[in-house]
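Contents: one structure, followed by commentary.
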Amino acid sequence: EYENVRQQHEDVKQSRDQVKEELKNLKELQSPVTKQIEETEEYFKSLDMKIRDKATEIRDTSQKCKQKQDALEMKDKQIEEIHQALRMKKDEEMDRQRKIYDIQKMIEDWENELNTMTVTENLQPQTDAINNELKKLQEERANIDGDISDIKAEKMNQEREKKRKLLGVLFDRLGQLNNIMNMKEENLKGRFQDTHAALMWLRKNKDKFKKKVCEPMMLEINMKDNRHAKYVENHISANDMRAFVFESQEDMEMFLMRDHQKLKVNAVCAPAESCAESLPSRPIEELHRYGFFSYLRELFDAPCPVMSYLCSQYRVHDVPVGTEKTRNMIERVIQETKLRQIYTAEERYHVKVSAYTNLVFSTNASLRAAQFLSSSVDTDERRQLENQQQDINNTLKSLDMRLTTLYERQRYRERRDNELRQQKKELVERANRRRQLESKIAVKYDSLKQLEQHAINLEKESQMANIKIKEINTQKARLVTELMHLIKNCISLNILKADLVLQSTTVAAEKNRLEAEYKAASVQLRAAEQRFRELDERKRGLTENCKELLKKARQVCNLGPDQQLPKEFQTAFQALPTTLEEIDAVLNEEKNRASCFTGLNASVVEEYNKQTQEIQQLTGYLEEKQNELDKYKQNISQVKERWLNPLKKLIEQINEKFSNFFSSMQCAGEVDLHVENEEEYDKYGIRIRVKFHSSTELHELTPYHQSGGEKSVS
């Protein structure tokens, strides 16, 4: 074993020496490159310094150029200001001359007017006449105002009378109508109790329906003349007379299902498209000669859904009502009018035509007395009330017309008053006109004199402006010369700077090339140094191993440090193989032979070796796991400190503020970190302890101990 390791040591030593020599050569080759890089870097820095110096000079020169340009612009601005001032002088002079011309023209016009004006005429008679007419107009206007006040008072009396009569009649008639409705409802209750119960339910639950619902027809129909009630009642069936009328089929179904009261009531649905305004087949005027005076529809009033249903179902708009005259000529009426239903004074006729023979058959029946609709409003009385109302309206209309006439007369006199006052004003102005003209002419002469004294010498102003401009142009020429010199200097500096930049670019490229070569050589050098360190480390390890193996071999052979190998050992060793593999084979053979000569059980030796190896493995595993456990405990301790210390600090701050708040309310409170077991982190919690009464101790805040208000405050 020692010989094998020693041979490996020699091989590694030889490889290390080769790498060491290679490393020396690489360092010798890299030294000139390092020097070149340093020289190039120094030259590059000097060029960069020169470029910055040139840039500073260029910037200073450019700043001076900018100052010269600003100075030139300032000179141009001064010249423009001189021109502007001269233009303002010219404009001022032109404005002065224009004003002089305008004033002279105005004075001339006023003097012409003054020359043409005659001696002041006597305007007093005209003024007196106007004053007299104004006085007369004022008296007439006062009279008209009095008439207007009288008519307004009379109109107010008429309107009060109208309201009094109408309100009195209205209250009386409302009482009568309420009595009529009560009578109709009592009649309904006596004859049809289920219908009356349904009516009471409907009035309490109208908000449940989407569209309009009409009460039973006998309550909704209002006869215009009670004498005609028998025609309508004989034409409409008794079932429909007590039927409720709905605009919506859905509402009707809901009504019939109402509250499961099981009341026997009738309900109908009005047509989706209203028939209330349907026209008859012919005008009633064509039937007057037969004694007919109206169709059934015109004999009563009813809400639109009810009227629409009756027109659709009973055609009340096309059934005429006649008189005794109609009864006396009934055969002629049937033949000539072709009507299917006819009412005379006391009878009802149904006319049918045979589909096979075209023969006409008619049946008649006496009219039943009215039972449901006889209690209606008296139309004659209503007509009288309407006539009284019309008379009052006519009186009010007449008063309005008289007021309109008076207002028109008043407006005419106001216009005339304004005209007379304007004429009077013109007369006064004519009397004052001459004095005004003389005063105005004197004022304008003063203004003209002042304008003539302030004349401007434009020629002198122009010469002074030219002198100033010439002086400024001289300064501009000097500035331009200086600017050109600075521009040339700036161009030269830019050329020098560009040359330095080109040199710097070339040097930078050379520097980059050398640095790239140096970097590649450095990589190779570091790799060689790494190989050398590895081989040197391996050599030291093999040296130590050789020393240990040599020491172990001497101990096995019982040799001292300086003692040579005895001859018998050399002879014995020469008889053995020279490789480890062959020696291990011979050793195993000898062990097997030895085991055959003793009573030792091979399985016991094998088990012993196996147990010993397992003990060594478990001992190593246990040490490894113990190290891992110590490491985990150390990590947990560090993490716990990083988490727990800020947490405790935060809770201390909360506790301080919490305690202050409770102290301000004359109470006590504290907040702390509650820990049962320091290792059970999921059971860490905040504990709040409060005291609201001086006689008690601090208690932990729980759902049961404190009151609702105390918990809310906490």
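The values are calculated or read from the model by the stated rules, or taken from the named source; none is laboratory data. The structure presented is a predicted model; accordingly, all values stated were derived computationally and were not measured. Backbone-built Cβ (ideal geometry, glycine too); neighbour counts: all protein chains shown. With ligands, DNA and RNA removed, areas are computed over all heavy atoms of the protein, side chains included. Shrake-Rupley method; radii C 1.70, N 1.55, O 1.52, S 1.80 Å.
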### Task
Mind listing whichever residues of region 62-84 are within 58 Å of the chain's Cα centre (by Cα), open to solvent by less than 90 Å² (accessible area, probe 1.4 Å) and of a type outside the set (Asp, Glu)?
62, 65, 68, 69, 71, 72, 75, 78, 84
### Query
Any chance region 521-533 includes a residue that's in contact (Cβ under 8 Å) with a residue 60 or more places away in the chain and open to solvent by 80 Å² or more (accessible area, probe 1.4 Å)?
yes
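Looking for whichever is part of a helix (DSSP H, G or I), under 30 Å from residue 99 (Cβ atoms), in contact with a helix residue (DSSP H, G or I) (Cβ under 9 Å, 6 or more places away or on another chain) and hydrophobic (A, V, I, L, M, F, W, C) here; the options are 451, 483, 496. Which one fits?
From the options 451, 483, 496, the qualifying one is 451.
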### Task
Report yes if residue 100 is hydrophobic (A, V, I, L, M, F, W, C), modelled with pLDDT of 75 or more, closer than 30 Å to residue 429 by Cα and surrounded by 14 or more Cβ atoms within 10 Å (Cβ to Cβ), otherwise no.
yes
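Matching residues to (1) more than 24 Å from residue 254 (Cα to Cα); (2) at pLDDT 85 or above:
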residue: 162; (1), (2): yes, no
residue: 176; (1), (2): yes, no
residue: 182; (1), (2): yes, no
residue: 190; (1), (2): yes, no
residue: 193; (1), (2): no, yes
residue: 215; (1), (2): no, yes
residue: 218; (1), (2): no, yes
residue: 231; (1), (2): yes, yes
### Message
Tell me which strands (runs of 3 or more DSSP E) are completely within region 286-387 and hold 2 or more residues being open to solvent by 30 Å² or more (accessible area, probe 1.4 Å) and either of a type in the set (Phe, Trp, Tyr) or modelled with pLDDT of 90 or more (or both), or say none if there are none.
### Response
347-353, 360-366
### Message
Can you find a residue that is of a type outside the set (Phe, Trp, Tyr), assigned by the TED database to the domain that holds residue 330, in a strand (DSSP E or B) and buried (at least 19 other Cβ atoms within 10 Å of the Cβ) anywhere in region 205-218?
### Response
yes
### Task
Kindly indicate whether any position in region 234-244 is under 23 Å from residue 318 (Cα atoms), assigned to a helix (DSSP H, G or I), acidic (Asp, Glu) and in contact (Cβ under 8 Å) with a residue 60 or more places away in the chain.
yes
### Task
Taking the options 514, 559, name whichever one is surrounded by 12 or more Cβ atoms within 10 Å (Cβ to Cβ), in contact with a Ser or Thr (Cβ under 8 Å, 6 or more places away or on another chain) and at pLDDT below 85.
514
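Residue under question is residue 574, and the condition is that it be polar (S, T, N, Q), more than 60 Å from the chain's Cα centre (by Cα), loosely packed, with under 10 Cβ neighbours inside 10 Å and modelled with pLDDT under 85; does it hold?
Considered against the rule, which asks whether it is polar (S, T, N, Q), more than 60 Å from the chain's Cα centre (by Cα), loosely packed, with under 10 Cβ neighbours inside 10 Å and modelled with pLDDT under 85, residue 574 comes out as yes.
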